[in-house]
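Have a look at the structure below, then the notes.
Throughout, read-outs are computed from the coordinates displayed, never taken from laboratory work. Computed from a predicted model, the values in this text were never measured in an experiment. As a convention, Cβ positions derive from the backbone with ideal geometry for all residues, glycine included, and neighbour counts pool all protein chains shown.
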Amino acid sequence: MIAIDTPFLMASLAALLVGLSKGGLPTIGMLGVPILSLVMPPMQAVVILLPIYVISDLVSVWLYRKHFSAINLKILVPAGIFGIFIGWLTASYTSVAATKLLIGGIGVGFCLNTWLRKAPAQAHGPDLPRGIFWGALAGFTSFISHAGAPPFQVYVLPQRLPKMVFAGTATLLFAVLNAVKILPYQLLQPYSMDDLYKASVLIPAALLGTVAGAYLTKKIADVWFYRCLQIGLFLISLKLIADAASAWGL
């Protein structure tokens with residue numbers, strides 16, 4: 001009987017999902033940390049996945065180098081960097097259970113907001129105050145759990161950008177933020193050779209996901225893909241919230 005390395009399979013799946021997100025499907029990357037958090041502490045999952053994000057960014061930036069909203073990036077990049085700084089300052093005060101609760105809460109909140117909120121009749125343009133708030137929140141949640149997509153989408157989706165422009169804006173924004181996170185992560189939890197090895201074996205899955213994500217962005221109807229994704233995110237998020245409640249004896 002062949003032994004199955006469950007943590008490796010979970011990590012490979014997480015890397016594949018990260019690649020898909022970098023290929024143009026930003027929400028799907030949110031599943032990476034929750035999936036890995038089922039088999040390891042959330043902060044360890046976040047640290048291991050960062051090199052995967054950065055390497056995938058190299059491919060995704062080239063894929064979307066001509067498709068992005070410059071005005072949105074001018075607002076969101078500085079705000080996101082500020083959010084990363086806040087995340088770095090507060091990370092050491094957050095327990096494993098609290099991190100799981102926060103990650104799960106982000107996922108559940110995003111799904112409920114998507115399912116229950118009525119779409120506005122008219123598109124909204126870029127907005128500096130809202131952009132600063134949601135950009136900073138995207139940077140903060142990206143730092144603690146690589147879950148910056150929901151705040152980004154809350155701000156950008158009402159603008160109803162063309163699909164490729166939306167995907168490219170998300171890709172370029174988080175490529176910058178992931179690069180910025182390298183030093184704070186190193187200061188918070190220095191990478192060991194074992195961490196780098198674990199990340200390196202996941203690179204093929206991530207690169208495969210990046211190319212596949214770019215293809216799917218062009219070919220698959222968004223409504224059906226995101227419905228399946230949101231159900232998966234919702235169920236995993238509920239599991240993490242239950243884990244946090246159990247750790248606190250609730």
Over its alpha-carbon atoms, segment 1-93 yields an Rg and a Dmax in Å of 15.6, 56
To the nearest 20 debye, the chain has a Cα-centred charge dipole, built from +1 on Lys and Arg Cβ and -1 on Asp and Glu Cβ, of 800 debye
For segment 177-250 the chymotrypsin sites (Phe, Trp or Tyr not before Pro) that pass both the DSSP coil test and the at-most-13 other-Cβ-within-10 Å test are 248
Whole-Hz Karplus couplings 3J(HN,Hα) for segment 238-246, θ = phi - 60° and coefficients 6.51, -1.76, 1.60, Gly and Pro as x, run 4, 4, 5, 5, 5, 4, 5, 4, 5
Cα pairs beyond 33 Å in the chain, in percent, come to 12 percent
Any lysines whose Cα falls less than 17 Å from that of residue 181, other than same-chain ones fewer than 8 residues away, would be 22
Computed over segment 6-247, the relative contact order (Cα-Cα under 8 Å, seq sep at least six) in percent reads 40 percent
